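The values are calculated or read from the model by the stated rules, or taken from the named source; none is laboratory data. Predicted model, so just to flag it, every value in this text is computed and none were measured. For neighbour counting, all protein chains shown are included, and Cβ atoms are generated from backbone atoms with ideal geometry for every residue, glycine included.
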Amino acid sequence: APAKKFSSEAYLLKFGYLPQSNIEIRDRVSESTMVAAIKNFQRFGHINVTGVIDEDTRRLMAKPRCGVPDRLAGQFNSRRHRMKR
Amino acid sequence: YTVQGQKWDVTDITWSLKKRSADPRISEGDIIRELRNAFNIWEGASRLTFRELPYRDADKAHIQIIFEKGQHNDLYPFDGKGSILAHAFFPGSGQGGDVHFDDDEIWQVDSRDTESKGTRLFAVAAHEFGHSLGLSHSDVEGSLMYPWYQTFDENTRLPQDDERGIEAIYGWKKSPKGDRTPQYKPPVKEVPAPDPNPPPIYPPTHEDKYGRPKTCDTSYDAISLIRQDLFIFKGRYFWRFPNNELNKNKAVKSENILPSETHSFWKGLPEDLTHVDAVYERGEIVVFFIGKNYWIFNANKKKAGPIPLTRMKISETIDKIDGAMTWGHNDKTYLFSGSQYWRLDDSNHRNFEVEPDYPRDMYVWKGVPYNIDSVLRWTDNHVYFFKGKVYWKFDDRRMQVASEVPTLSAPFWMGCTSEPIPKGKPRTGDTSTSSSCRT
């Protein structure tokens, strides 16, 4: 795999798994928030949902991808923006 | 699939290659062919048509395409070869719809090229154009909108997940018989050259017979508390509601209040101004934003201006500021434009500059739509975002809108009486509701 360019936290923040409000109001990321973010990322990427940064997670984070966040505002833990058929 | 929420109002979408790759291995013709093929994938599965504009008209195109490296005047710097390949902006004005490719990648422009071990431009372009049309990432493996790079060539049919996504935004593609025909390919037609003198397009008017905006049926270009009085700007006019007229519920009463012309009160603003984009007050100064310039006032006396936005270290690609306010949470000044926002260091009134790690994406302000009309910090110290004829109150502590359902502006801010809304209740994103004056 190519060299990893972001820390795991930076990656999760960049692609919308951690709420960016942390940046603006300078809150610390709690452990539970981090675990939830990792799980959401693992579900999205169809790898084992462990809640920890394991080898599969690191490999997925190193894959080439689009720079647009996967999760936009209001989409955390929610499927309400998905359209019904 | 996931729909982001913004879409183009037209189905004939223009695009242009504004800056080609600097890689001498690939020609401009190769790039254009890859981009055309990528648009064809979406055209074949939707009601949309895509029209290429020549380089000289690139600034007029809905979707402008550039190849760049590293920092490139937006909030998403590229990261060199690998990892992030490209990004795109959702539909909207300014940078809305634009697509940026990382020119540090090795772009492959021919499916028969198996030597270069590069990234196929067609596949990445087709994915990014999905964002330009309003689709977010999908978690369906194999879908075009899956965020990680996958091989995909121009002979592949658009995956079903993406096909349903684009149909959800723009409707079904109709065959000549009128029935739903996914993947219907239109007959090849000659694309006419763009009209060099297109007729002007005027926005819908919400004005009375004298050209003044209708108090109870209008959106707001800018809104600000100035010396504790509320000022609401629309077109060439503004309403002023003195502090002693604000009622106990902090709502204002504006029955029979007619707006005044902005330039005749704020001497020093252009006499031919058509609108004000944003206004905020900080300490003694009042700052007006109009287009790519700003003006500084003390009360209604001009101190400086016009000054270009670039002096604030805002990118020259920004054509206007949508809203400005000082946030009660930290007393810092924030500027909003399109999908981005900046924090302004205006502690030294002679040296306004945005802070170095801005702009950032507006999704930090959870629940607030992109491309707002205006924003206000009100006497209750809360921030209110306005778009169309509705507004959202923002909850600083939760860092999201207090309610996803917006509220009609006119009853609260103008003291108008709500009437039954013809098109159904206002809901998030629906900014087309109306109300009427109590009188």
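Could you please find all residues in the stretch B:91-104 being more than 22 Å from B:LYS292 (Cβ to Cβ), within 12 Å of chain A (Cβ to nearest Cβ) and out of contact with any Gly (no Cβ under 6 Å at 6 or more places or on another chain)?
B:VAL99, B:PHE101, B:ASP102
Residues checked against (1) surrounded by fewer than 16 Cβ atoms within 10 Å (Cβ to Cβ); (2) part of a helix (DSSP H, G or I); (3) out of contact with any Phe, Trp or Tyr (no Cβ under 7 Å at 6 or more places or on another chain); (4) among the β-branched types (Val, Ile, Thr):
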{"residue": "B:ASN73", "(1), (2), (3), (4)": "yes, no, yes, no"}
{"residue": "B:GLY82", "(1), (2), (3), (4)": "no, no, yes, no"}
{"residue": "B:HIS87", "(1), (2), (3), (4)": "no, no, no, no"}
{"residue": "B:GLY96", "(1), (2), (3), (4)": "no, no, no, no"}
{"residue": "B:ALA123", "(1), (2), (3), (4)": "no, yes, no, no"}
{"residue": "B:ALA126", "(1), (2), (3), (4)": "no, yes, no, no"}
{"residue": "B:ASP139", "(1), (2), (3), (4)": "no, no, no, no"}
Check: Out of the stretch B:360-402, which residues are surrounded by fewer than 22 Cβ atoms within 10 Å (Cβ to Cβ), touching a Ser or Thr at 6+ places or on another chain (Cβ under 9 Å) and of a type in the set (Gly, Ala, Ser)?
Finding: B:GLY367, B:GLY388
Next item on the list: Sort through B:ASP23, B:ASP74 and tell me the only one that's among the acidic types (Asp, Glu), farther than 27 Å from A:LYS14 by Cα and in contact (Cβ under 8 Å) with a residue 40 or more places away in the chain.
Entry: B:ASP23
Check: Would you pick out the residues in the stretch B:1-59 that are closer than 16 Å to B:ARG120 by Cα, part of a loop (DSSP other than H, G, I, E, B) and basic (Lys, Arg)?
Finding: B:ARG20, B:ARG25
Margin query: Looking only at residues that are at pLDDT 80 or above, among the charged types (D, E, K, R) and assigned to a loop (DSSP other than H, G, I, E, B) in the stretch B:227-250, which one is farthest from B:GLY323 (Cα to Cα)?
Written below: B:ARG227
Next item on the list: Among the residues of the stretch B:108-134, count how many are touching a Gly at 6+ places or on another chain (Cβ under 8 Å) and at pLDDT below 95.
Entry: 2
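Hey, can you tell me all the residues within the stretch B:1-25 that are more than 14 Å from every other protein chain (Cβ to nearest Cβ), among the polar types (S, T, N, Q) and more than 14 Å from B:LEU121 (Cβ to Cβ)? Break it down into steps so the answer makes sense when it comes.
Of the residues in the stretch B:1-25, the ones more than 14 Å from every other protein chain (Cβ to nearest Cβ) are B:8-25.
Within this subset, residues satisfying the condition of being among the polar types (S, T, N, Q) are B:11, B:14, B:16, B:21.
Selection gives B:THR11, B:THR14, B:SER16.
Yes/no matrix, rows are residues, columns are (1) among the basic types (Lys, Arg); (2) modelled with pLDDT under 90; (3) surrounded by 16 or more Cβ atoms within 10 Å (Cβ to Cβ):
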{"site": "B:ASP272", "(1), (2), (3)": "no, yes, no"}
{"site": "B:VAL276", "(1), (2), (3)": "no, no, yes"}
{"site": "B:ARG282", "(1), (2), (3)": "yes, yes, yes"}
{"site": "B:ALA299", "(1), (2), (3)": "no, yes, no"}
{"site": "B:MET312", "(1), (2), (3)": "no, yes, yes"}
{"site": "B:ILE321", "(1), (2), (3)": "no, no, yes"}
{"site": "B:SER337", "(1), (2), (3)": "no, no, yes"}
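Taking the criterion of being closer than 21 Å to B:ILE166 by Cβ, touching a residue at least 12 places away in the same chain (Cβ under 8 Å) and within 14 Å of chain A (Cβ to nearest Cβ), would at least one residue in the stretch B:26-42 satisfy it?
Of the residues in the stretch B:26-42, the ones closer than 21 Å to B:ILE166 by Cβ are B:34-42.
Right, trim to touching a residue at least 12 places away in the same chain (Cβ under 8 Å) and you get B:34-42.
Within this subset, residues satisfying the condition of being within 14 Å of chain A (Cβ to nearest Cβ) are B:38.
Yes; the residues of the stretch B:26-42 include at least one that is closer than 21 Å to B:ILE166 by Cβ, touching a residue at least 12 places away in the same chain (Cβ under 8 Å) and within 14 Å of chain A (Cβ to nearest Cβ).
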Check: Out of all the residues in the stretch A:41-59, is one or more surrounded by fewer than 16 Cβ atoms within 10 Å (Cβ to Cβ) and modelled with pLDDT under 90?
Finding: no
Next item on the list: Go through B:ALA61, B:ALA45, B:ALA86 for me and flag whichever is more than 14 Å from chain A (Cβ to nearest Cβ), within 29 Å of B:GLU141 (Cβ to Cβ) and of a type in the set (Gly, Ala, Ser).
Entry: B:ALA45
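Quick grid of which residues meet (1) at pLDDT 85 or above; (2) within 29 Å of B:GLY291 (Cα to Cα):
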| position | (1), (2) |
| --- | --- |
| B:ARG377 | yes, yes |
| B:TYR391 | yes, yes |
| B:ASP395 | yes, no |
| B:PRO411 | no, no |
| B:SER418 | no, no |
| B:LYS425 | no, no |
| B:ARG438 | no, no |
Notebook entry, point to check: Counting only residues that are among the basic types (Lys, Arg) and without any contact (Cβ under 8 Å) to a residue 24 or more places away in the chain, how many does the stretch B:311-342 have?
Noted result: 1
